[in-house]
4 protein chains.
Amino acid sequence: NRPFVLIAGPCVIEEEDRVLRIAEKIKAITERLGIPYVFKSSYDKANRSSIESFRGPGLESGLEILKKVKDEFGLPVISDVHTVEQAKSAAEVLDIMQIPAFLSRQTDLLVAAGETDKVINVKKGQFLAPWDIDQVVAKIESTGNEKILLTERGVSFGYNNLVVDMRSLPRMKKTGYPVVFDATHSVQLPGGAGDSSAGEREYVPYLTRAAVGAGIDAIFMEVHDEPEVALCDGPNMVPLDELEELLIKAKAIDEIVKEN
Amino acid sequence: NRPFVLIAGPCVIEEEDRVLRIAEKIKAITERLGIPYVFKSSYDKANRSSIESFRGPGLESGLEILKKVKDEFGLPVISDVHTVEQAKSAAEVLDIMQIPAFLSRQTDLLVAAGETDKVINVKKGQFLAPWDIDQVVAKIESTGNEKILLTERGVSFGYNNLVVDMRSLPRMKKTGYPVVFDATHSVQLPGGAGDSSAGEREYVPYLTRAAVGAGIDAIFMEVHDEPEVALCDGPNMVPLDELEELLIKAKAIDEIVKEN
Amino acid sequence: NRPFVLIAGPCVIEEEDRVLRIAEKIKAITERLGIPYVFKSSYDKANRSSIESFRGPGLESGLEILKKVKDEFGLPVISDVHTVEQAKSAAEVLDIMQIPAFLSRQTDLLVAAGETDKVINVKKGQFLAPWDIDQVVAKIESTGNEKILLTERGVSFGYNNLVVDMRSLPRMKKTGYPVVFDATHSVQLPGGAGDSSAGEREYVPYLTRAAVGAGIDAIFMEVHDEPEVALCDGPNMVPLDELEELLIKAKAIDEIVKEN
Amino acid sequence: NRPFVLIAGPCVIEEEDRVLRIAEKIKAITERLGIPYVFKSSYDKANRSSIESFRGPGLESGLEILKKVKDEFGLPVISDVHTVEQAKSAAEVLDIMQIPAFLSRQTDLLVAAGETDKVINVKKGQFLAPWDIDQVVAKIESTGNEKILLTERGVSFGYNNLVVDMRSLPRMKKTGYPVVFDATHSVQLPGGAGDSSAGEREYVPYLTRAAVGAGIDAIFMEVHDEPEVALCDGPNMVPLDELEELLIKAKAIDEIVKEN
């Protein structure tokens, strides 16, 4: 019943300057509000809708920038891993390894991530029921690693749409592991723009407050200082200058939900 | 941005004594908490899964009992209407007429209800998108009646399951009308018990807090003093002795969401 | 294992001349192909998306036109009934009473239709699982009427979309009653055009052949000589001049499926 | 408009003897019926529900057995590839590389498979709309490889269930590439047995005939001589001794659909 943690940052690692600036600003906001903060950004987007889409700087350059974020701001960092090999390399820098939703049943990847002994954040696949996560957890636990986070990011609902089933939050919590709500991917309209995903950023505050009301351990949120020029997920990222207000409400609700 | 209203009572009108007792107790709770309260119970359940299921006392006897609730406790009352004829008769007692979800596109019923000039609460059909409600609203408005409530009660999600899309709450609000969250039908598993609907009462508090967190104008909730012997919807009704705690949290969240 | 029957005609009863002309032409086609034929058209569309939409000539005038179709062409006729009262009046003309999908769980309507002792065609609700139809059947059977047809017309799939689950055809067949495939409502995009339903007529031949391949007892299909000016369901009706070719393939497949 | 091809074999490579025996028997059946045949079996099941499940003999031993099937029976072979490295090794033996559904948006895998210049069979992800496949195709085409097959295997429909949208067959065909219907994974109930997937084998003949009726270029089907002891997908595989009858009907329907 501890207060929620914020996992946030730009969808993909863009220019180093911008990444550091965003990290710095979110750090300042979360310090003011007393919210523990983990910096998130991806070094590689391995399953973009289109082959033309920007994928990021790649593993090596990306990890360098994430290392700077750690060193300069003292923030823990999280990023996705897509292969067994990446899991090993990324463990040198990452504090939390994230398993992408599409890969959430790939046994080798889950085991390789588990074996790094880092914290593992699994995004529940868009094709999984909340209780299906029990088997995913068992795959990671088979390595002896019991530092697991479970993230809700919406489930397939017809075509090019996701719906967040808030029942999944308490259901996943029955595993005993902390549950994270991914507020920005949950408003994606996957493939909704033909050669990229559309998104409905306007619903982020509603879904965030709803998930905090239901009860969660962490909020995951992609944030950008200029979403309109972002190289990935612009339509659903939260503008940096709207973040603080959103967190203030969320924190107040979280306190009510968790007080006895 | 007014505090939420509670619409609550037993699913179906059972023995008069029990109905009055439940009304009295919920009234006491809501007065303690300062929550405006509307009594809800159905005189007829016209679309039970099975023909063997209890349907209620019928229109005439049912309205008599609802009238007693009004007279004895000074509470406004709401109940479902299923036909044009019922709409006319029921208007003599009801303060709010409820259009059942399956009937939410039946033009004649919507128009007949609208013409009574009562408040109309439409439950959004399990087969409707949030924006489809705009046309439902237009049907009622065609009568000149603009006293409309719109209720979310879950949308079809695969077989024998519903999911609440919390995006529907702000989307329906764009009509300008108050939005109600039906916390107990939203956890139904329609037809999930073969010849009746199953339900997951355990999720009611989570979904209620989530919906209040997203922002709503009223909570609809079926409540019973002994759900295990209830003649309808036992598996999803809220036990009377758990209501107050649930409302206390909901009210605190509601205040945060609505404060500037 | 008898060859399939065709239930077809324009969505709604428009001008008498047009209705008779369509009936005559479909009769000629089905006679050439040796397919038993039931004429279908609605005298009232009671749940159009918009209150502005054309609803039809109403019960009385509509039944008169249907009676002419019976008398002039010797065809059995089917039309929807929406209320208990309509069921009684319509029984004087109709050979088959159709229960609309949204009303497929309304107990009183099912019972009233059953009591006419006519054949009852229930369209399975967009919100029902295939096995939920068992309880619907039991409601009609409670009247002693065992002349029942069960129609698949798609199930809710996300927003403004339906999907046909072909497993439903053999599953409904387990009731022992004939199963009908509604090929034109199955390609509707409900509410997909804002104030009316859109539709994807191009998929009708594919779904028809698929359903016949799975095995059915009847095809239901709305047909119009000029769909582009039709007063209802234009986007999904089959143009009259494409009907014969479609039926030829369907009949050939049906024979293969049903031969031992 | 050529007759359909059959892609079939046991879900996973079990004992060599059994694999060869199944290949031999299916070969005999398809030769009798004049159906071109590709042998399918997986050397590794990389995303089983549970970590305890059998995964197969692994890449090296598996490819050896597949090579024997090629050499002894002169059959082309298909198997799944899960990583960039596997794509390269597997190309030495496989005629067709299969991209698993969960991995159908992994850009690097699609590109690596494309670069082998083998035929690539992509299973459409359970989370993809039919038109989303256009971007998947573009990823493979970016390598200059235009030997692509597109497989329908059902789309997420609520929890632990899939539905086959037969509209996806003609929609995917618009890419210009052959479309395959996977008849046995389409009846899976993913995760439906808790620590493994359940399945409804009884629906395979219905869905197969339906898909052939809609019009396809190939049928994919997992077949086992003793499904009840199979090490993978037993509940949905077709028993070997039921295959011929199923194919006879399918072939007859296919001829009707494709004749002018």
Of the conditions (1) among the charged types (D, E, K, R); (2) closer than 16 Å to A:M166 by Cα; (3) open to solvent by 20 Å² or more (accessible area, probe 1.4 Å), the single one that B:D182 does not satisfy is (3)
Evaluate the following for D:L231: is it open to solvent by 50 Å² or more (accessible area, probe 1.4 Å), more than 24 Å from C:A252 (Cα to Cα) and not charged (D, E, K, R)? yes
Self-check item: Test result for B:Y43, under 19 Å from B:F181 (Cα atoms) and among the hydroxyl-bearing types (S, T, Y)
Solution: no
Residues in the range B:135-160 that are β-branched (V, I, T), within 14 Å of chain D (Cβ to nearest Cβ) and open to solvent by 10 Å² or more (accessible area, probe 1.4 Å) total 0
Of the residues in the range D:203-227 that are open to solvent by 30 Å² or more (accessible area, probe 1.4 Å) and touching a strand residue (DSSP E or B) at 6+ places or on another chain (Cβ under 9 Å), the one that is nearest to D:R21 (Cα to Cα) is D:D225
The condition from (1) within 14 Å of chain D (Cβ to nearest Cβ); (2) under 16 Å from the mean Cα position of the chain (by Cα) that B:P100 misses is numbered (1)
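Per-residue answers, yes or no, for (1) out of contact with any Leu (no Cβ under 6 Å at 6 or more places or on another chain); (2) hydroxyl-bearing (S, T, Y); (3) at the interface with chain B (Cβ under 8 Å from one of its Cβ atoms):
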site	(1), (2), (3)
A:L162	yes, no, no
A:R167	yes, no, yes
A:V179	no, no, no
A:A183	no, no, no
A:G191	yes, no, no
A:D195	yes, no, no
A:V204	yes, no, no
A:R209	yes, no, yes
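Can you tell me how many residues in the range A:117-135 are of a type in the set (V, I, T) and out of contact with any Ser or Thr (no Cβ under 9 Å at 6 or more places or on another chain)? Outline the logic, then answer.
Of all residues in the range A:117-135, those of a type in the set (V, I, T) come to A:119-120, A:122, A:133.
Filter again for out of contact with any Ser or Thr (no Cβ under 9 Å at 6 or more places or on another chain), leaving A:119-120.
Final tally of qualifying residues: 2.
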Of the residues in the range C:6-34, those that are open to solvent by less than 10 Å² (accessible area, probe 1.4 Å), out of contact with any Pro (no Cβ under 6 Å at 6 or more places or on another chain) and in contact (Cβ under 8 Å) with a residue 60 or more places away in the chain come to C:L6, C:I7, C:A8, C:G9, C:P10, C:C11, C:V12, C:I26, C:T30
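Mind counting the residues in the range D:59-81 that are closer than 21 Å to D:V122 by Cβ, in contact with a helix residue (DSSP H, G or I) (Cβ under 8 Å, 6 or more places away or on another chain) and away from every other protein chain (no Cβ under 14 Å)?
Restricting attention to the range D:59-81, the residues satisfying the condition of being closer than 21 Å to D:V122 by Cβ are D:59, D:62-63, D:66, D:76-81.
Now drop any that are not in contact with a helix residue (DSSP H, G or I) (Cβ under 8 Å, 6 or more places away or on another chain), which leaves D:59, D:63, D:76-77, D:79, D:81.
From what's left, away from every other protein chain (no Cβ under 14 Å): D:63, D:76-77, D:79.
Residues flagged as closer than 21 Å to D:V122 by Cβ, in contact with a helix residue (DSSP H, G or I) (Cβ under 8 Å, 6 or more places away or on another chain) and away from every other protein chain (no Cβ under 14 Å) within the range D:59-81 amount to 4.
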Restricting the range B:234-260 to residues that are farther than 28 Å from A:K251 by Cβ and assigned to a loop (DSSP other than H, G, I, E, B), the one most open to solvent (accessible area, probe 1.4 Å) turns out to be B:P235
Selection from the range C:110-131 of residues open to solvent by less than 20 Å² (accessible area, probe 1.4 Å) and either under 19 Å from C:L169 (Cα atoms) or at the interface with chain B (Cβ under 9 Å from one of its Cβ atoms) (or both) yields C:L110, C:I120, C:N121, C:V122, C:K123, C:K124, C:G125, C:Q126, C:L128, C:A129, C:P130
So, first residue more than 16 Å from C:F220 (Cα to Cα) in the range C:121-134, second residue among the β-branched types (V, I, T) and open to solvent by 10 Å² or more (accessible area, probe 1.4 Å), Cβ within less than 7 Å, six or more apart or across chains; the pairs are C:I133/C:T175; C:D134/C:T175
Of the residues in the range D:35-58 that are out of contact with any helix residue (DSSP H, G or I) (no Cβ under 6 Å at 6 or more places or on another chain) and farther than 14 Å from D:C11 by Cα, the one that is surrounded by the most Cβ atoms within 10 Å (Cβ to Cβ) is D:I35
Of (1) open to solvent by 10 Å² or more (accessible area, probe 1.4 Å); (2) closer than 21 Å to C:R48 by Cα, B:R167 fails just (2)
By residue number, the members of the range A:82-97 that are open to solvent by less than 50 Å² (accessible area, probe 1.4 Å) and within 13 Å of chain D (Cβ to nearest Cβ) are A:H82, A:V84, A:Q86, A:A87
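The values are calculated or read from the model by the stated rules, or taken from the named source; none is laboratory data. Model, not experiment: these values are computed from the prediction. A quick note on method: Cβ atoms are made from the backbone with ideal geometry, for glycine too, and the neighbour counts reach across all protein chains shown. For the accessible areas, the whole protein counts, side chains as well, though only heavy atoms, and no ligand, DNA or RNA atoms are used. Shrake-Rupley method; radii C 1.70, N 1.55, O 1.52, S 1.80 Å.
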